[in-house]
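Below: one structure, written as structure tokens.
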Amino acid sequence: MALLSIFSILGYTSLLHVIQKRNLELNLFVAVTGIVSILYLFTFFGLLRHAAQFFFYLGLILLIVNFFLYALKCREIGKEFFSPGIVIFIGLSVLYWLNFGELTYGEDGDVLSHWGLVTKEMLLTSNFVGANSSVSLKDYPPGIHLFHYFVVSNTKNTEGTVLFSHFLFLLAPIIGFLKGISWKQPHWIVLIIATVFYLIHALGLGVVTLRIDHIVSVYFAMIIVFYFKSKWRRSDFLLLIPIFFVMPLIKNAASFLAILAVFLIFIDLVINSFLKFGGIFGQLSPSTYFLSKDLAWALVIGVVLCSTSVLSDFSWNKRVESSGISKNLRPPRFSLAQITNAFTADASEKEKVVIRNFKKVIVNPSLGDVSDKTKIFDKLKKLTGIDFSRWNLLNQTTPLSALERVGIVLLIFGFALFVKPNKIFRIKATLTLLYLSFALIAFLFSLLTYYLFVFGDYEGMHVMSAHRYMNSFLLSFSLVGFGFIFPNGWDNEKLEKNQKKELVAFSFCGILVSLLFVFTPPASRGLLSRQAGYISSRQMTQPQINFILSKVPSEGKIYVIYQPLEKENPLVAKKGILYDLSPLYANVPCVALGKPYFSGDVWTCDWSVKYWSEHLIEHGYTYVYLAKADDLFWKRYGNLFSEGRKPADFLFKLETDLLGQIRLNPVR
């Protein structure tokens, strides 16, 4: 049962609590990343299946043992094992499973072609994706898929269970916000959970998906929050090692964020050692300070954490190279002269268009699909006579510009400085604000260089997904800001006794979150409402898929044909077919053949009969699956098929004669 995975994770959480005497809420973050780290290392030795089973049931045993051992030593067991954070973790996980446990991936093409497909192949092979896989982005790191494997392989192998495991991976670090919150503060429990999940909904991708941009944002933010929410002994920094090890394994870009977090922690440790030097060792010379143990430990911790992320990233890249997998996206290679030239009159046409459109993304409102929001805005306009469409705050399809969204995030940090009167806190919060602001500028510059020098002409000139990338960083920014606002949000600080200030903080955040909920319809509404038809189309092809899987050997390669209707993207349906055919290899490009069906049809390849025949032989295809073929296809390519075919035939085996000519014979 999928819910057992919750208690397996809690088993390792309780073990860390026994060893380090840390709050269970913070230990959840370490436990989840620790599980992924262990599975990653075991997979290199071909032991993923055995390791996942062993550590899954070991977690359950640890929970039972630690529970009873703790009960014998402490009468207040409920205070630890039934704290708000742990109860919320269990409760939200159960609610998610009850609501989405039977869900399928629906029409999300990225999930079907990569995120879900990698997990499916890993469950079938108990190994990393290989060079012969149908996955197009084989070089993407496997961190999140290893956690999917941990949960799904030991419980229930369904798409809903994969979604559930994805949610657990997202939820574990978020629970750290509830550290130090008691059941006597129910208003803060509700406010914290509502605020965090709304930000994930508004600036991220929601919780009913397998995409990971928002997970990277949450993990980066929670590293910072985790650090500032705790008092650290030197040995406690060992807890950060699995977190920094896993960051580059979630997504390549997370390596950059991990290094940013390391430097922020290092800066704070240097400040702490300086304050200690000024308060206790003020009579010593500066040279003595620079040789102090505290500064030395700051350097050691910084080097160890940075090396951990670098080692993780290096090990995966070496594995990709040794497997013969080509890199999908390489770091941009450019010179300072190229950058400066892009902003001059001598810039190429692409560079001029990219910079112009990138400026529009920063300054102008986002042009997303706002059709989902018109109903609620129309109702409000009829009731009040006011057009509230400009109030759709913090949404990835919001009419707010990037600058306006940055302004809102900075207001959150400004309020954090107002709430906490401690001078040292204000210094650290201000430095964090400045540091993240600088990081945001560096991030935007890096993003611009990718559009200029790495992405293709279409992606670059249209600055594809720029708002999504920016929102991902702003999500981290916002969560860190709220981490400073929430009670117990800095250096193990107790909830302030100043009830007036607490009331002001609660009221401000409550009003903000209420406004956001009122003026932003759920982002997942469109996805869920569209799923029914697309799931039906997958179900319609399932009998054919089952037949193919029973007839084609595991080493077979299938060329899938899906001729589109007018203005239909054949890749949408093709990605579902590709997913269902896995682990059999199938083509990704050129899913339709012949003349383009409409202007802008980039999916149909205008190949001659001879060229397609040679392509099939050259790339080792052994079967052709006609998922959808029209009269135009048969008129042009029909001579390649045997004369004995019937209208009901859809799977054909490729055979060659003595002259090397191919013939596609039906498989029945």
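The values are calculated or read from the model by the stated rules, or taken from the named source; none is laboratory data. In this text, all values refer to a predicted model and were calculated from it rather than measured experimentally. As a convention, Cβ positions derive from the backbone with ideal geometry for all residues, glycine included, and neighbour counts pool all protein chains shown. The protein model used for the area step is the full one, side chains on, heavy atoms only, and it has no ligands, DNA or RNA in it. Shrake-Rupley method; radii C 1.70, N 1.55, O 1.52, S 1.80 Å.
Taking 0.36 nm per residue of separation and subtracting the current Cα-Cα distance, fully stretching the chain between residue 87 and residue 465 would add 132.4 nm. Taking all Cα pairs closer than 8 Å and separated by 6 or more residues, the relative contact order of region 122-182 comes to 25 percent. Rounded to the nearest Hz, the phi-derived 3J(HN,Hα) couplings of region 29-37 under the Karplus curve 6.51 cos²θ - 1.76 cosθ + 1.60 (θ = phi - 60°) are 4, 5, 4, 5, 5, x, 4, 5, 4, where x marks glycine and proline. Put simply, the amide H of residue 585, placed in the peptide plane, has neighbours under 5 Å in 558, leaving out anything fewer than 5 places away on its chain. The chymotrypsin sites (Phe, Trp or Tyr not before Pro) of region 578-627 meeting both criteria, a DSSP state outside H, G, I, E and B (loop) and at most 15 other C-beta atoms within 10 angstrom of the site's C-beta, are 598. Only Cα pairs under 8 Å and 6+ residues apart enter the sum, and on that basis the relative contact order of region 149-231 stands at 31 percent. Oblate is the label for region 1-101. Its Cα gyration tensor axes, ordered a ≥ b ≥ c, give a/c of at least 1.5 and b/c at or above a/b. Over region 112-190, accessible surface divided per residue gives 26 Å², non-protein components excluded, 1.4 Å probe. Taking amide H as placed 1.01 Å from N in the peptide plane, the amide H of residue 103 sits under 5 Å from that of 160, each at least 5 places away or on another chain. Our coupling estimate for region 145-152, obtained by passing each phi through the Karplus curve with A = 6.51, B = -1.76, C = 1.60 and θ = phi - 60°, is 6, 5, 6, 3, 4, 4, 7, 5 Hz, Gly and Pro reported as x. Of the cross-linked pairs 575/628; 138/575; 251/428; 352/595, those separated by over 21 Å at the C-alpha level are 251/428; 352/595. Of the GluC sites (Glu not before Pro) in region 592-668, the ones in a loop by DSSP (not H, G, I, E or B) with at most 11 other beta carbons within 10 Å are 643. I need the calculated FRET efficiency for the pair residue 457 and residue 663, taking r as the beta carbon distance and R₀ as 56 Å, to the nearest 0.05. Plugging the Cβ-Cβ distance into 1/(1 + (r/R0)^6) gives 0.90. Loop-located trypsin sites (Lys or Arg not before Pro) in region 552-657 (DSSP state not H, G, I, E or B) with no more than 10 neighbouring Cβ atoms inside 10 Å: 567.
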